[in-house]
Amino acid sequence: MISEKKCKDCGKVKAAAEFWKRKASPDGLALYCRDCFAQRNSASYRKKQASLGRKTKDFRRRREDPQGMKYCPRCETVKALEDFGNNRSKGSGNSSYCKPCWNTITREHRERRHGSSRNYLLKLRYGLTEEEVRQMTVQQGGVCVICLRAAAKHVDHDHFSGAVRRILCFKCNGALGQFEDDPQRMLLAADYLELRGSQARMLENEFGEPVFRRRTRVELRGLNRVAWGTLGGTSRAGHLHHRYGITESDADRLFELQVGLCGVCSDRPGEHIDHDHGTGAVRGIACTGCNTGMGQFGDDATCLRRAADYVMGELVRTVALPDGTTRLSFTCPDVDPATVPLNGWKPYRDADGERRRGDPSFGRRAGDGFTPLEVLVREIVARSGASGGSAVSGASARS
């Protein structure tokens, strides 16, 4: 077996590995080295394409990249294989372009076919175009239909049916997810914040107040060293002491009073101390979803009640106009969203909040001859059906 051979085209003596195999040759190797063979094939191919009137790219020699490296033809750089994505359709198992170039190519492709990446994602996730979302935002006056405070920027949809509901702000959209689109939990949270629920009554029976007040300096005197961990205390004790003004025994007692359950929904384990950010008073121990959801709604009972009606499809209504057109309505007293600037919703929001707080049924079923208690029970049953939950568990938690 020969180790070297001379190429008939370039006349250079090269290693046998630089020649392709050829059974017809006495030595079993091709007459031309690999580079010259490629040049010959390229010339033949381009001559044929030119006779057919077709244009071809310039000839590019085959690259020999170092082990563990790969060439990206877009940025024309040799990079490590870790800089390339996976592609099982390729023999090498890697994509043709490095990750930054692949992202750029993908973005350009989306913009060319769909107008923009946002338009592509809207069509992919919700079946809406960017223009349709813009029209929906204009219809609701550019404001989030739940809080009536922030600009509407995020598409909200029903996670069960996939139907698009309205355009919300970031916080309201996230808060609905924390409450798992459950209107019962939102109504219970509204009463909890206003100290009208079972949690407030339990605290008042135990401590004489609907909240657990922060301990005074005099009451905490002598407990500081333990709370700071110098006499066997824990980091949890220090956190409770500094942030909420209570001790570990206070937190443990509150947890026992709630039977280990969330003070808002009574369905999930209590995990986080919940307090009034204005007064610092502790209201109870809440689960992660209720605690985070109330925080994203700004501890606002009006937002929670509006969100409960929104999830059930009772907040946003279509109003027919005398000229045959329609507009949206999502407050009471009714107002045309197109006539209110983004920062002018406060009086309408306050009036709407008072109306919802005084009448949980909000007039939808109150004029049917039922007593207020019957209206409330019917509302709980209806909201339970809308959320797919049990009316019994929600009613018992509320009582």
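Readers should treat all values here as calculations from the given coordinates under stated rules, not as data from a laboratory. Everything quoted here is computed from the prediction, not taken from an experiment. Note: ideal-geometry Cβ built from the backbone for every residue, glycine included; neighbour counts use all protein chains shown.
Quick notes on this structure:
- Applying the condition of being among the aliphatic types (A, V, I, L, M) and surrounded by 12 or more Cβ atoms within 10 Å (Cβ to Cβ) to segment 79-106 and asking which residue is nearest to R118 (Cα to Cα) yields I105.
- Index of the failed condition, L187 passing every other in (1) without any contact (Cβ under 8 Å) to a residue 40 or more places away in the chain; (2) within 15 Å of A308 (Cβ to Cβ): (1)
- Those residues of segment 19-58 which are touching a helix residue (DSSP H, G or I) at 6+ places or on another chain (Cβ under 7 Å) and within 24 Å of P73 (Cβ to Cβ), in sequence order: R34, T56
- Test result for D267, part of a loop (DSSP other than H, G, I, E, B), more than 19 Å from E204 (Cβ to Cβ) and within 22 Å of the chain's Cα centre (by Cα): no
- The residues listed here are C72, C33; of these, the one that is touching a Cys at 6+ places or on another chain (Cβ under 6 Å), of a type outside the set (S, T, Y) and under 30 Å from N119 (Cβ atoms) is C72.
- In segment 119-164, the qualifying residues are those that are basic (K, R) and surrounded by fewer than 18 Cβ atoms within 10 Å (Cβ to Cβ), and the one that is farthest from M294 (Cα to Cα) is K123.
- Odd one out for N291 among (1) assigned to a loop (DSSP other than H, G, I, E, B); (2) without any contact (Cβ under 8 Å) to a residue 60 or more places away in the chain: (1)
- Within segment 12-27, being surrounded by fewer than 11 Cβ atoms within 10 Å (Cβ to Cβ) and more than 26 Å from E64 (Cα to Cα) holds for A24, P26.
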